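**Student:** Just dropping this structure here.
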Number of protein chains: 4
Amino acid sequence: MSFNTFGRVFRFTTWGESHGPALGAVVDGCPPGLALTEAGIQPWLDKRRPGQSRFTTQRREPDEVRILSGIFEGRTTGTPISLMIENVDQRSKDYSEVAKAYRPGHADYAYDAKYGFRDYRGGGRSSARETAARVAAGGVARLVVPGVRIRAWVEAVGGDAIDPAAFDDAEIDRNAFFCPDAAAAQRWEQRIDAARKAGSSLGAIVACEATGVPAGWGAPLYAKLDSELAAACMSINAVKGVEIGDGFAAAALTGEENADAMRPGNGGPRFLANHAGGIAGGISTGQPLRLRVAFKPTSSILTPVETITRDGEASEIMTRGRHDPCVGIRGVPVVEAMVALVLADQALLHRAQCG
Amino acid sequence: MSFNTFGRVFRFTTWGESHGPALGAVVDGCPPGLALTEAGIQPWLDKRRPGQSRFTTQRREPDEVRILSGIFEGRTTGTPISLMIENVDQRSKDYSEVAKAYRPGHADYAYDAKYGFRDYRGGGRSSARETAARVAAGGVARLVVPGVRIRAWVEAVGGDAIDPAAFDDAEIDRNAFFCPDAAAAQRWEQRIDAARKAGSSLGAIVACEATGVPAGWGAPLYAKLDSELAAACMSINAVKGVEIGDGFAAAALTGEENADAMRPGNGGPRFLANHAGGIAGGISTGQPLRLRVAFKPTSSILTPVETITRDGEASEIMTRGRHDPCVGIRGVPVVEAMVALVLADQALLHRAQCG
Amino acid sequence: MSFNTFGRVFRFTTWGESHGPALGAVVDGCPPGLALTEAGIQPWLDKRRPGQSRFTTQRREPDEVRILSGIFEGRTTGTPISLMIENVDQRSKDYSEVAKAYRPGHADYAYDAKYGFRDYRGGGRSSARETAARVAAGGVARLVVPGVRIRAWVEAVGGDAIDPAAFDDAEIDRNAFFCPDAAAAQRWEQRIDAARKAGSSLGAIVACEATGVPAGWGAPLYAKLDSELAAACMSINAVKGVEIGDGFAAAALTGEENADAMRPGNGGPRFLANHAGGIAGGISTGQPLRLRVAFKPTSSILTPVETITRDGEASEIMTRGRHDPCVGIRGVPVVEAMVALVLADQALLHRAQCG
Amino acid sequence: MSFNTFGRVFRFTTWGESHGPALGAVVDGCPPGLALTEAGIQPWLDKRRPGQSRFTTQRREPDEVRILSGIFEGRTTGTPISLMIENVDQRSKDYSEVAKAYRPGHADYAYDAKYGFRDYRGGGRSSARETAARVAAGGVARLVVPGVRIRAWVEAVGGDAIDPAAFDDAEIDRNAFFCPDAAAAQRWEQRIDAARKAGSSLGAIVACEATGVPAGWGAPLYAKLDSELAAACMSINAVKGVEIGDGFAAAALTGEENADAMRPGNGGPRFLANHAGGIAGGISTGQPLRLRVAFKPTSSILTPVETITRDGEASEIMTRGRHDPCVGIRGVPVVEAMVALVLADQALLHRAQCG
């Protein structure tokens, strides 16, 4: 756990476990003078909060953020911003089973192999609950890039994709799935309900777009904008793939098909396409950033799976408890937060070098 | 270009442009006492070297690496290892066109937008030629993790994939495409030849497997093994997507389908599947690492494409010069190098924290 | 405030202001399995705690540390350790004077010049109160290097130095000044009392010795052990100078006088002197580390000093409030903590590269 | 040797040994568009070059710098700047003695203890020859802060100090000692000659002043300007102490004596004194930066000193070869370079956060 800090100049550090007293983030390098209040961050946390519908975990956490440092008279001072969220609903239960045996798909075995032992209560540090701290930090990051609009949604659940022609931005906030296609949302409701009742789970694909990013952000070669976004998104629990622009589909194109031709525009080129997802050579082009993130199905399922115990004995395990049947859904605000955090960092980094 | 260094403890810094006198890498943090010679690194560079078949750029570069520091009597001393490769075949040509107008899909416009001007000769710093330095550094990294075998290959060219049933490890080195399927290699030869003659280009998918990685490598949360691999691969020229294990396909599975069940094995679990690609919670599980990388088609094509000039005027451009019709092919040794560099870094980082 | 994190592999991040609700540190990269409790850290904080005698500030802070993450069943898990100390005695007072004018010697003007405005209550982030968080983090660091004994003391107050011949280790904890010379302690009591009554303040020199450091720690060239120690100590409030070994006195020696000759010893050399302070080429030699740190006199004095207001008008200011008449004294546990933090980091870094 | 990179945003990495084919630096993060040529850097190297008088080592190195990357048409492109200096005069000699036994005061024993073996030729990586790379990098750094004038000189040799009243800036470049006091320069000539003939060596104190630094540079808390300067200077070979402003002398002052009172000035305060050396709270105040650096006497002396061999046997060693009788003198351009490098980094870092 040597690197719980992310970012180069605008940086955040998170801490906390699923069943500890609290979790939090320290945001460092934030420019001074930005208007920041707890009420300004809370909506992002509310978007991610568990227990809001039957399609997410029933753990009831208010996820109220407190700002412990770094602001004075409602504005950032340039000093570290300490954000804390108390854990309220750590349900007292019997952890003996998960303490003893490894849940397949979870980090249980890997943590034990690395550290020799682990805090098994609710997954400890490997719990997706940590992403609440990222979302809070992302709320600060958004203030650093006020001209940027970051918007994520779910594009597919369990292989069932939206119809791009039916995309309706306004629809995203109207359903429990951040789904921009009303018809797909109805189908997903049934699918996720079925999965939940069957004790099963589903994977999902989250898409994200950021508009208002000027050309020139990104620090080649090893802090390229796409490289940073990939690292940021791949660090989210349950994520197994990241694409920029056309991503894997681009690998099936020819050079002609993939070219984003340009015509003269207002103060820069007007692009005729955006296969590149707004990034060339690791630097933003001024087009909308486009990326897609693959979430595996929640590993916690009610079906018994073969496993081994800490002592190496054969066993079976099924994960009782309160879990999201499709963890990708609540991944939406987390992806947004990570994109915001990368962009804030790159904005400041660009200013450092290119002033 | 503020971050041309990659890695946390085992780190490398690259420098150099396509048409400068040389390019190189400084490898820092290498353990002392490892047997290292120029001859030991050269084979990796030879694998990447241009001009070896008609399917890659015809630029003729011997790519001979020189070690300028960090070894004594054939062994690493623990001090920085400076690796240098001279540029030999920078063809003198007329760059006025590319100096004046932006090649779509290239970094030309983005670099100008960021830095105000650019070294346009052969793409300057944004040229894939820089990856020679990575491959040299990767040769050092392999010495740090001697028990690990890293093997990449091309899995698809222009949407034409290998037959997994025909996978033959020995075949990979027998054709010009790092293709493990002899029949696919024959098809690709025709496709790439056709693309080359048409002045077109093709995308590709590169797969990579690393065996011999022990359980426990990876530094959650923001230097997770998968996150580092994603950053490393996404930083390679022309890459637009990265998957770990089943990647995007996992998003269509159920929790039962995606579970990597375990049975007692020798000194650890025996996994019944490897959907996770050998990583859980950002930490290696002891299974083979599996990842896939999407390369877009080479942006340099002989078809004229609409663009604008530096002055914002409408124009057309087609990229003459010597280019790979399918840049993904020579991406194979680069992906291997980046995986080696990440693993060397994580191996040392794990030793730092967990002894 | 972009870099409130210190360390390479074992790292800590501090946050908090003098008059905010709390302050704290996040310790990252700590090895797993170490026995850690709040009671284990508290004694270091108690040593630094204000209000213990009339020779330090009368602010009454219990400085009770809470551990919010990173431990399970009394042992470190390898995840980030969040340490929090609540501010209890932020006395409600009238800050209008210090809000309006700059206190000479303080960071007031510099912070305003940098950030445009500042949290002026008690110095905000520039208050020495932040060092409580370092001391807490230092308590964790000590667990990482259990074989090392770190011991600091005050060597001079206001130019009045101890008699080296009278040095008595046991005396250090017997007086309010961490003074190893009983006679000097008596003199200092009078001097500091006089300064306190006169509303004046005194500088001090703190010396520190670390024994049990094995040969080989330090990461040349830019994370040399002495370089890291210098950075660590110079980052402490009011510090204006750092010496390793003989320091400035070495500049007056000849090569013969300064040579630390060696004879065969047990498992290494037996050194006949330690002018070098235990470090050569930036690497520990196995001798005791020796360093000295100069603290300027507390800038808060009751004598009016010429200054300017925020609006650039001429003014006068004198600093009422509760302050240490000799801030160097409470610097003792802070220097110890910083040395512990550097050594923990270097110990892990050495293990990373040299196994 | 895990950290041969210095800096946060404007960063440089050095490589190379005393007797390898070359040494160099990679400067990363330099803003684009700065006029940079080899001829522009060379004067700084010439100032440090050995063999210029009988008071420095007789090794004859032209120290001609080559720029291998990062410039185009005479201007920086924003990409890494690779600087290389060939080693020309590595005298072929018999190293068997120094290979076998440890020279007291040198890094020989410490390197062996850390790495298990070492490149003993001329001190390998621990040789002060590495500072040539820093001076070259410093030449680039100066371009980043064109309004800053950095000036160092020797203040004392072997305990014999200049007369502050005789300080003459113009004198510094008129003698072989960077001495601003003509009378002192004459005395030093005799002292150093005597030391050289006796096979002895002398320590020195180097002072440095930087004017033109605006208020506001410095990144509290752990990249404070004074902390970075201390780290930078302490990383120079043979340095044992660093002071900012009054340094250790401040520890003997009262708060009244140490206060830098302010009066209204032009666009900021006019300070009545500069005890602080231009830094408060880790941030520049707009006053001249003042610092002092203590160099120990050269460890290479012709007097035999007791030591042990690699096998732990008692032995004696005296260091033949070509050495500076007072290494502090050539430290002057190195201190200047390190100050320039810190200021360039902090200038960009300040721009990142505070725009």
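The values are calculated or read from the model by the stated rules, or taken from the named source; none is laboratory data. Quick caveat: nothing in here was measured; it's all calculated off a predicted structure. Reconstructed Cβ throughout: ideal geometry from the backbone, glycine too, with neighbour counts over all protein chains shown. Accessible surface areas use protein heavy atoms only, side chains included; no ligands, DNA or RNA. Shrake-Rupley method; radii C 1.70, N 1.55, O 1.52, S 1.80 Å.
**Student:** Express in whole angstrom the spacing between the alpha-carbon centres of the stretch C:94-152 and the stretch A:186-244.
**Tutor:** Distance between centres, Cα-based: 40 Å.
**Student:** Compute for chains B and D the buried accessible surface, both sides summed, probe 1.4 Å, and express it in Å² to the nearest 100.
**Tutor:** In total, this chain pair buries about 3400 Å².
**Student:** Any idea what diffusion coefficient the stretch C:31-71 gets from Stokes-Einstein, in µm²/s, Kirkwood Rh on alpha carbon pairs, 10 °C, 1.306 mPa s?
**Tutor:** On the way: Rh = 11.9 Å.
Answer from the Stokes-Einstein relation: 134 µm²/s.
**Student:** Which value, in debye to the nearest 20, gives the size of the charge dipole of the stretch C:231-355 about its Cα centre, when Lys and Arg are +1 and Asp and Glu are -1 at the Cβ?
**Tutor:** On the way: 11 positive and 12 negative charges, 92 e Å.
Dipole of the stretch C:231-355, to the nearest 20 debye: 440 debye.
**Student:** Follow-up question, since we're still on this one. Check D:Phe72: other-chain or 5+ apart residues with amide H under 5 Å from its amide H, H built from backbone geometry?
**Tutor:** D:Thr77
**Student:** Label B:Asn266 and B:Arg54 with points 7 Å out from Cα along Cα→Cβ: what is the distance between them in nm?
**Tutor:** Taking the simple label geometry, B:Asn266 and B:Arg54 are separated by 4.8 nm.
**Student:** Once you put a point 7 Å from the Cα of C:Arg174 and another 7 Å from the Cα of D:Glu306, both along the Cβ direction, what distance in nm separates them?
**Tutor:** That separation, rounded to one decimal, is 3.4 nm.
**Student:** Based only on Cα atoms, what mean projected area does the convex hull of the stretch D:124-164 have, in nm²?
**Tutor:** Values: hull surface 19.0 nm².
Across all orientations, the stretch D:124-164 yields a mean hull projection of 4.7 nm².
**Student:** Of the listed pairs A:Lys224/B:Lys93; D:Lys93/D:Lys240; B:Lys93/B:Lys240; C:Lys93/D:Lys224; C:Lys296/D:Lys224, which have alpha-carbon separations greater than 26 Å here?
**Tutor:** The pairs that break the limit, which is 26 Å between Cα atoms, are A:Lys224/B:Lys93; D:Lys93/D:Lys240; B:Lys93/B:Lys240; C:Lys93/D:Lys224.
**Student:** Run the paramagnetic zone check for C:Glu38: 7 angstrom along Cα to Cβ, then residues of the stretch C:110-145 with backbone nitrogen under 15 Å.
**Tutor:** C:136, by backbone N distance to the label point.
**Student:** Lys and Arg at +1, Asp and Glu at -1: add these up for the other residues within a Cβ distance under 12 Å of C:Pro304 and post the number.
**Tutor:** That works out to -2.
**Student:** Just flag the trypsin sites (Lys or Arg not before Pro) in the stretch D:317-355 sitting in loop per DSSP whose Cβ has no more than 16 other Cβ atoms within 10 Å.
**Tutor:** Loop-located and lightly packed - D:Arg320, D:Arg322.
**Student:** What value in Å³ per residue do you get for the convex hull of the alpha-carbon atoms in the protein assembly as shown?
**Tutor:** In the protein assembly as shown, the Cα convex hull volume per residue is 163 Å³.
**Student:** A follow-up question, please. Count the net charge of all other residues whose Cβ sits under 12 Å from the Cβ of A:Gly199, scoring Lys and Arg as +1 and Asp and Glu as -1.
**Tutor:** Numbers: positive: A:Arg196, A:Lys197, A:Arg320; negative: B:Glu256.
Around A:Gly199, the surrounding residues sum to +2.
**Student:** With a 1.4 Å probe and all protein chains left in place, how much accessible area per residue does chain D have, in Å²?
**Tutor:** Averaged over the residues of chain D, the accessible area is 30 Å².
**Student:** Mind listing which GluC sites (Glu not before Pro) in the stretch B:39-134 are in a DSSP loop and have 13 or fewer other Cβ atoms within 10 Å?
**Tutor:** Taking the stretch B:39-134 and a limit of 13 other Cβ atoms within 10 Å, the loop GluC sites (Glu not before Pro) found are B:Glu73.
**Student:** Using only Cα atoms, locate the centre of the stretch D:298-315 and the centre of the stretch A:27-87, then give the distance between them in Å, rounded to an integer.
**Tutor:** 62 Å
**Student:** Moving on. Using all Cα-Cα distances in chain A, what percent lands in each 10 angstrom bin from 0 up to the longest?
**Tutor:** Pair shares across the bins are 5, 23, 32, 25, 12, 2, 0.
**Student:** Which loop-located chymotrypsin sites (Phe, Trp or Tyr not before Pro) does the stretch B:115-208 contain, where loop means any DSSP state but H, G, I, E or B and the Cβ has at most 12 other Cβ atoms within 10 Å?
**Tutor:** none
**Student:** When each copy gets a label point 7 Å from Cα toward the beta-carbon at D:Gly267, what are the spacings between them in nm, shortest first?
**Tutor:** 2.7, 6.2, 6.8
**Student:** Considering only the label points, 7 Å along Cα→Cβ from Cα, what distances in nm to one decimal separate D:Ala182 from the same position in each other copy, shortest first?
**Tutor:** For D:Ala182, the other copies' label points sit at 5.9, 9.0, 9.4 nm, shortest first.
**Student:** Ok, one more. If you take the charge dipole of the stretch C:246-355 about its Cα centre, with +1 on Lys and Arg Cβ and -1 on Asp and Glu Cβ, which of C:Ile301, C:Gln287, C:Ile329 is farthest toward its positive end?
**Tutor:** Value computed over the given set: C:Gln287.
**Student:** What are the ³J(HN,Hα) values, in whole Hz, obtained from phi via the Karplus relation 6.51 cos²θ - 1.76 cosθ + 1.60 with θ = phi - 60°, for each residue of the stretch D:259-272 in sequence order, with x given for Gly and Pro?
**Tutor:** So the J values, rounded to whole Hz, are 6, 9, 5, 10, 10, x, x, 7, x, x, x, 9, 7, 8.
**Student:** Evaluate the distance, in nm, between pseudo-label points positioned 7 Å from the Cα of A:Arg66 and of A:Ala198 along their respective Cα→Cβ axes.
**Tutor:** 4.4 nm
**Student:** Evaluate the charge dipole of the stretch D:108-223 about its Cα centre and quote only its size in Debye, nearest 20, assuming +1 on the Cβ of each Lys and Arg and -1 on the Cβ of each Asp and Glu.
**Tutor:** In debye, rounded to 20, the stretch D:108-223 gives about 560.
**Student:** Oh, and also: Go through B:Ile41, B:Pro104, B:Tyr115 and say which Cα lies farthest out towards the positive end of the charge dipole of the stretch B:40-131; charges sit on Cβ, +1 for Lys and Arg, -1 for Asp and Glu.
**Tutor:** B:Pro104
**Student:** Chain D: which residue's Cβ hugs the D-to-A rotation axis most tightly, distance rounded to whole Å?
**Tutor:** D:Ala352, 2
**Student:** For peptide D:285-292, how many partner chain Cβ atoms fall within 10 Å of a residue's Cβ, on average?
**Tutor:** Partner Cβ neighbours, averaged per residue: 2.
**Student:** For the charge dipole of the stretch C:137-210, defined by +1 on Lys and Arg C-beta atoms and -1 on Asp and Glu C-beta atoms about the Cα centroid, which residue among C:Val140, C:Ala194, C:Ala166 has the Cα displaced farthest towards the positive pole?
**Tutor:** Farthest towards the positive pole: C:Val140.
**Student:** When the helix-only estimate is applied to chain D (DSSP H runs of n ≥ 4, each -39,500 (n - 2.57), divided by the residue count), what is the mean residue ellipticity at 222 nm, nearest 500 deg cm²/dmol?
**Tutor:** Mean residue ellipticity at 222 nm (helix-derived): -8500 deg cm²/dmol.
**Student:** Quick one: net charge of A:Pro80's neighbours, Cβ under 11 Å, K/R +1, D/E -1? Present the calculation step by step, with values, prior to reporting the outcome.
**Tutor:** On the way: positive: A:Arg11, C:Arg125; negative: A:Asp28, C:Glu17, C:Glu130.
Net of charged neighbours comes to -1.
**Student:** Further question: At 1.4 Å probe size, with the rest of the protein present, what percent of the exposed accessible area of the stretch B:156-225 is carbon and sulfur atoms?
**Tutor:** Details: 1270 of 2540 Å².
The C+S portion of the solvent-accessible surface of the stretch B:156-225 is 50 percent.
**Student:** Could you derive backbone 3J(HN,Hα) for the stretch C:207-216 from the dihedral phi with the Karplus parameters 6.51, -1.76 and 1.60 (θ = phi - 60°), listing whole Hz in sequence and x where the residue is Gly or Pro?
**Tutor:** 10, 9, 10, 10, 10, x, 7, x, 5, x
**Student:** Size of the dipole of chain C about the Cα centre, Lys and Arg at +1 and Asp and Glu at -1 on the beta carbon, nothing else charged, in debye to 20?
**Tutor:** For chain C, the charge dipole is close to 520 debye.
**Student:** Right, something else. In degrees between 0 and 90, to the nearest 10, how far off the longest principal axis of chain A does helix A:38-48 point, with axes built from Cα atoms?
**Tutor:** Once rounded, one gets 60 degrees.
**Student:** Another question, if that's okay. Taking a quarter of the surface of the convex hull around the Cα atoms of the stretch D:151-250, what do you get in nm²?
**Tutor:** On the way: hull surface 31.4 nm².
Computing the convex hull of the Cα atoms and averaging its projections yields 7.8 nm².
**Student:** What does the stretch B:20-164 give for Rg and for Dmax, in Å, if only its C-alpha atoms count?
**Tutor:** 18.1, 51
**Student:** If we hang a label 7 Å off Cα along the beta carbon direction at A:Met318, how far is it from the matching labels on the other copies, in nm, shortest first?
**Tutor:** Between copies, matching label points for A:Met318 lie 6.5, 7.9, 8.7 nm apart.
**Student:** Let me ask you something else. In whole Hz, with x marking every Gly and Pro, tabulate ³J(HN,Hα) for the stretch D:130-146 from phi via Karplus 6.51 cos²θ - 1.76 cosθ + 1.60, θ = phi - 60°.
**Tutor:** 3J(HN,Hα) across the stretch D:130-146, in whole Hz: 4, 5, 4, 5, 5, 5, 5, 4, x, x, 6, 4, 4, 5, 6, 10, x.
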